[in-house]
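Below is one structure, written out as structure tokens, with a few remarks after it.
Bear in mind that the values in this text are calculations on the coordinates, not laboratory data. Since we're looking at a predicted model, the values are computed, not measured. When we count neighbours, we look across all protein chains shown, and the Cβ atoms used for this are built from the backbone with ideal geometry, even at glycine.
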Protein chains: 4
Amino acid sequence: MSNYMDIKEQAYAANMQLPKLGLVLFTFGNVSAADRNKGIFAIKPSGVPYEDLTAEKMVIVDFDGNTVEGNLRPSSDTKTHAVLYKHWEDIGGIVHTHSTYGTAWAQAQRAIPIFGTTHGDHLTVDIPCAPPMDDEMIKGNYEYETGFQIMNHFKSLGLSHKEVEMILVGNHAPFTWAKTAEKAVYNSAVLEAIAQMAILTEQINANAPRLKDSLIKKHYERKHGADAYYGQE
Amino acid sequence: MSNYMDIKEQAYAANMQLPKLGLVLFTFGNVSAADRNKGIFAIKPSGVPYEDLTAEKMVIVDFDGNTVEGNLRPSSDTKTHAVLYKHWEDIGGIVHTHSTYGTAWAQAQRAIPIFGTTHGDHLTVDIPCAPPMDDEMIKGNYEYETGFQIMNHFKSLGLSHKEVEMILVGNHAPFTWAKTAEKAVYNSAVLEAIAQMAILTEQINANAPRLKDSLIKKHYERKHGADAYYGQE
Amino acid sequence: MSNYMDIKEQAYAANMQLPKLGLVLFTFGNVSAADRNKGIFAIKPSGVPYEDLTAEKMVIVDFDGNTVEGNLRPSSDTKTHAVLYKHWEDIGGIVHTHSTYGTAWAQAQRAIPIFGTTHGDHLTVDIPCAPPMDDEMIKGNYEYETGFQIMNHFKSLGLSHKEVEMILVGNHAPFTWAKTAEKAVYNSAVLEAIAQMAILTEQINANAPRLKDSLIKKHYERKHGADAYYGQE
Amino acid sequence: MSNYMDIKEQAYAANMQLPKLGLVLFTFGNVSAADRNKGIFAIKPSGVPYEDLTAEKMVIVDFDGNTVEGNLRPSSDTKTHAVLYKHWEDIGGIVHTHSTYGTAWAQAQRAIPIFGTTHGDHLTVDIPCAPPMDDEMIKGNYEYETGFQIMNHFKSLGLSHKEVEMILVGNHAPFTWAKTAEKAVYNSAVLEAIAQMAILTEQINANAPRLKDSLIKKHYERKHGADAYYGQE
């Protein structure tokens with residue numbers, strides 16, 4: 001019996017939400033869940049169809065990307081997860097999908113403009129889009145460098161990963177994170193909904209204005225401010 | 001046992017229609033149902049997932065927005081509902097969603113043009129879009145002011161809330177209402193269908209003409225006129 | 001026990017296909033099935049939700065639009081059905097929907113161009129779009145005149161209703177027909193699929209060429225010609 | 001009892017995946033599976049609804065297109081399958097669909113540009129689009145010539161059918177293939193997902209850049225190179 005069953009169960013449950021929410025086709029996505037006390041995370045094995053997944057099959061990996069437990073090869077994106085867990089010490093879950101609308105914005109290499117309160121309820125800036133990596137990074141330790149590309153883009157924009165829990169990687173697809181894997185999956189679904197609304201908004205009005213600063217502030221504080229009054233907590 | 005179980009059951013049943021009709025993701029929507037004799041309405045608690053809702057969990061609120069019964073915090077949009085119930089005395093149900101196409105038009109800050117009889121069967125004018133509120137209103141009692149923004153836009157256009165039972169709030173999303181919560185949910189689904197058809201219509205023909213006045217009149221009277229011959233009543 | 005149970009069962013089964021195929025929201029559609037020997041057709045009652053329909057509730061109407069049997073009011077579009085049955089003596093089923101893409105083309109008042117073999121497998125011309133009726137027709141016996149508007153547009157284009165079993169009515173929505181109600185429902189689903197592909201085709205290539213004449217001929221003859229070799233008959 | 005039950009079962013199972021994956025409406029698609037030792041393939045009978053299919057009903061055909069076993073007429077596209085099996089000796093399954101987005105690109109007569117890693121995980125070039133055939137080919141043995149049109153287009157572009165397992169036929173629709181029927185169905189679903197993302201990408205950014213060469217190389221080698229590290233093999 002594994003010493004990591006709790007975190008494996010969390011990672012398994014979160015992975016199984018992706019097809020249910022319509023965020024993945026076949027195996028095009030992966031979720032990990034971290035156990036900070038044990039210094040590891042549980043992640044989906046590579047290329048295994050969701051209907052064949054079990055909690056036992058989750059692979060345990062440390063924050064340097066080394067497999068600690070598991071007979072299956074971990075997701076090919078494992079090193080990206082490891083880098084983010086190592087450097088962003090307060091996150092507990094990461095999700096990568098190729099969801100349709102989010103991926104289209106990533107392929108278009110554009111940040112998703114903040115057009116309305118659906119967006120503003122979750123973050124106060126455009127959803128950032130990191131540029132594709134330079135050729136040296138790609139030829140090298142690609143998935144490892146993807147993690148740095150994400151962190152560097154946050155630094156260059158002055159963003160905090162605690163306030164903005166999602167990014168597009170140019171030419172590639174979205175990544176999201178949160179304190180828990182469950183919340184990171186929630187963020188992936190929110191990103192996809194916002195991405196679809198944003199393209200429709202531009203199609204309806206090519207000059208659609210961005211959300212007013214006062215509304216950005218108000219909606220974010222409703223959910224996240226000191227006097228938040230959304231939800232039951 | 002609550003004295004308000006009847007209206008709670010109505011509000012619960014209407015809320016549960018939203019995910020079934022594809023109008024909400026997670027908790028992005030709320031329905032209320034009013035009991036005019038008792039001077040209260042039942043509304044969804046804030047941030048509770050639809051699968052965890054029960055009739056008992058509905059919160060009872062008076063038309064000034066004060067909670068009358070319930071252990072959970074009511075929807076963060078409760079004051080908007082309260083204002084509309086207080087001033088529009090003949091409505092019995094209100095729905096707020098962030099449905100995909102309706103929200104895209106709201107973000108684009110455009111009224112939805114009346115292009116065909118699907119629209120004309122329900123209202124004879126464009127679906128109105130209130131402008132975003134000014135900064136003072138937003139900084140103040142925001143949800144309360146949202147109700148006034150809706151009513152003021154109806155006044156400025158000379159519209160009757162009895163004839164036009166839906167609006168977009170610019171940068172935000174749709175609100176609908178009706179004599180019952182069930183009918184208000186119906187209106188939300190109709191708005192979403194019309195919103196999708198309207199963007200497609202403009203994409204197929206950028207110069208698509210509006211519905212002819214004679215057809216507007218005919219289709220509306222089929223359903224709503226003195227000699228209505230649609231339905232069984 | 002009704003003398004018309006056979007045709008009522010056919011009409012009922014065909015009506016129930018509409019929500020299953022995603023062609024209707026709420027009650028926005030109707031199917032009828034004709035019994036030529038008895039000189040009547042069975043049609044959906046007006047405004048009754050699909051989940052409440054039964055075969056017994058279908059209304060029996062003659063080809064002049066008079067109700068022959070049934071306690072419920074027939075569909076508000078009944079006279080359009082009656083006119084088409086009366087004048088096109090070889091059709092046995094008619095369908096009217098407000099399906100999303102078909103209705104968008106009708107609202108855009110454009111015929112759907114024949115862009116590919118999916119279209120060519122079913123008809124050799126653009127899916128016609130009748131212009132909105134003139135005001136006198138609308139003010140008069142509107143649904144009755146809708147039938148004539150359809151027939152007149154076919155005459156003006158030199159089309160045969162035996163070869164082209166579908167039309168858009170401008171500002172309104174699609175109508176389809178066939179020898180049976182079941183086949184007419186099939187035609188409605190085909191129209192909707194073609195309508196969606198056609199708008200996407202124009203979006204991908206604003207100058208997309210029409211299907212070549214030789215391909216139109218070939219694909220149509222595969223299914224409908226003297227030497228047809230599609231299907232099992 | 002048929003001597004071909006194994007391959008019939010494979011073809012049946014693969015055909016039944018098409019409606020489950022949303023790739024077909026009614027009977028608009030067909031899958032075949034080849035048994036190279038026996039020199040035959042099993043293919044869907046023509047025009048039979050998926051809900052009426054059984055493994056027994058699959059038709060056995062040789063690589064010249066002659067029916068070897070079966071009471072039903074094989075798919076009208078059978079000769080296209082036969083030609084490809086005869087000339088491309090290492091493929092074991094072929095799929096033809098009229099899936100919505102893939103067909104729209106085929107109708108637009110454009111190859112699908114490689115915009116991102118979702119595409120690059122599967123092939124390193126644009127998804128090719130063969131031009132419509134010339135009139136002589138169409139008038140002649142049409143489905144047989146469709147196979148040659150596909151092969152000729154691959155030759156003209158210098159593509160290998162082992163590396164690129166999908167094509168659009170202009171004005172018509174997609175064809176995919178692979179070593180097995182199951183994998184060919186997977187390719188059809190991948191093509192449809194890529195096709196949808198590509199049109200959205202162009203709508204979000206009309207000047208969206210193609211995937212960088214270094215990223216194309218990296219993502220393809222992750223899955224297909226000598227040092228592949230995707231999946232469990």
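List of remarks:
- Cα centroid separation, segment B:83-123 to segment D:74-103: 48 Å.
- Efficiency of FRET between C:F26 and B:F26 - r from beta-carbon atoms, R0 35 angstrom, step 0.05: 0.90
- Modelled FRET efficiency - R0 30 Å, D:H87 with A:N71, Cβ distances, 0.05 increments: 0.15
- In nanometres and ascending order, the distances from the D:D52 label point to those of the other copies are 3.5, 3.5, 5.0 (point 7 Å from Cα along Cα→Cβ).
- Every pair of different Cα atoms in segment A:161-200 enters the Kirkwood calculation, which places the hydrodynamic radius at 10.6 Å.
- Charged-residue dipole, Cβ positions (Lys, Arg, Asp, Glu), the protein assembly as shown about Cα centre, Debye nearest 20: 680 debye
- Peptide D:67-74 has a mean shielding of 1, counted as Cβ atoms of other protein chains within 10 Å of each residue's Cβ.
- In the elastic network of chain A, a GNM with C-alpha springs shorter than 10 Å, the most mobile of A:L25, A:L72, A:L157 is A:L157.
- Short to long, the 10 Å bins of the Cα pair-distance histogram for segment B:1-67 hold 23, 54, 22, 1 percent of all pairs.
- The slack in the chain from C:N152 to C:D62, taken as 0.36 nm per residue of separation less the alpha-carbon distance, amounts to 30.2 nm.
- Inter-part distance, segment A:33-73 to segment A:179-221, computed on C-alpha centroids, equals 31 Å.
- Contact order relative to length of chain B, as percent, for alpha carbon pairs under 8 angstrom and 6 or more apart: 21 percent
- C:D77, C:D134 arranged by Cβ crowding within 10 Å, fewest neighbours leading: C:D134, C:D77
- Long-range amide H partners of D:F26 with built H, under 5 Å: none
- The charge dipole of chain C, taken about its Cα centre with unit charges on the Cβ atoms of Lys, Arg (+1), Asp and Glu (-1) only, comes to about 380 debye.
- Positive end of the dipole of segment C:5-224 (Cβ unit charges, origin at the Cα centre): among C:S160, C:G92, C:Q149, the Cα lying farthest that way belongs to C:S160.
- Alpha-carbon geometry of chain B: the Rg and the Dmax are 17.5, 59 Å, given in that order.
- Most mobile of D:G22, D:G92, D:G170 in a GNM of chain D (Cα contacts under 10 Å): D:G22
- Selection from A:A178, A:M133, A:A208, by position along the positive dipole direction of segment A:5-224 (Cβ): A:A208
- Segment B:N37-B:A228, length gained on full extension (0.36 nm per residue, minus Cα span): 65.8 nm
- Cα-based reach from B:K79 at 13 Å (exclusive), listing aspartates and glutamates while leaving out same-chain residues under 8 positions away: B:D62, B:D64, B:E143, B:E145
- In the frame of its principal axes, the protein assembly as shown has Cα extents of 76, 76, 49 Å, reported largest first.
- Largest mean-square fluctuation among B:F26, B:F154, B:F115, in a Gaussian network model of chain B whose springs join Cα atoms under 10 Å apart, belongs to B:F26.
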